[in-house]
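Input: a single structure, listed below in structure tokens.
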Amino acid sequence: MSCCFNCSDFQKRTDGNILHLFEQVAQLKEILGRGHGCQDCKMNKKKLEDEIQKADQYKKDLEDFKQRMKVKISKEIGVRGDLSENINDPCRETELLKMYEILKNQTWKQTKERILSGNFKHFFELGAQIIKETFNTSEEDMLARIMKIKEAIMILPTSEESKENKLVSQKLSDDMETAIKNLQKRFSSCSMDLYRELATKILKTKLQLHRGHFDLIRDFTAECYKVSCLMTLHIPPLQPSWEFHTSGESNNQDKILFPAIVNSTAMIVNAEFYHM
């Protein structure tokens, strides 16, 4: 991680000052060595040497500060993927979280209106069931695909020596990451017709809903599948959490409608509940 302009500028000025001080001390030493110096020259030499020590300490403090900032920023990046994401990536963390917000605040609202018009009872329970089943099915599907990629990459012929070679290990890791990102891009560009087919399969085989009800909720189920699969294929994955992460806002009668979202180190989106 490179330092900022201010740190670089300060370091250059400090190094320049130290060099200048050394030159002055060398001149005074030469004068005193010839016996031409006065008492002031000796005092100036001592002051200059003190200044050199202070400047050296400034350099050490600057290096220590830069190292501490690297650790702090690295920890922040580990918690918040948006601090290190590629703004040209349409599947970056912030974009996926926007998709999740749209799913919750717009798509679900429209679907809820359709469910109500279809005389469904307990529509919140139905929505929660669809969301959980679809997210779980999508995640399982993507993890199975990732495992196939891993198996394909790791069976590449390598000697016993190269297996222990860090460069080869890093190359395999990079290949794996690239393959997952390419798979994510592929699913991102897929037609919604594919997701509707996958949604129909879930609604028919896992939720066993009547086919006449499919049109009311199939699009919502398809959107759930798409958002979930892109989150699972994100590096690091953005995973749904169906556990209660509350601070007193909910009670035992509350049920999770939309799960919390966690990355590799922290919860980045809170769960949303409905009341029984």
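The values are calculated or read from the model by the stated rules, or taken from the named source; none is laboratory data. What you see is a predicted model, and the numbers here were worked out from it, not measured in a lab. Cβ placement follows ideal geometry from the backbone for every residue including glycine, while neighbour counts extend to all protein chains displayed. With ligands, DNA and RNA removed, areas are computed over all heavy atoms of the protein, side chains included. Shrake-Rupley method; radii C 1.70, N 1.55, O 1.52, S 1.80 Å.
Where helices (runs of 4 or more DSSP H) fall wholly inside region 95-204, the ranges with 2 or more residues that are modelled with pLDDT under 90 are 108-117, 123-154, 160-163, 166-189.
Among residues belonging to region 257-268 that are of a type in the set (A, V, I, L, M) and open to solvent by less than 20 Å² (accessible area, probe 1.4 Å), point out the one that is nearest to GLU95 (Cα to Cα). By that ranking, first place goes to ILE261. Looking across region 216-235, the residues that are surrounded by fewer than 24 Cβ atoms within 10 Å (Cβ to Cβ) and part of a loop (DSSP other than H, G, I, E, B) come down to HIS234, ILE235.
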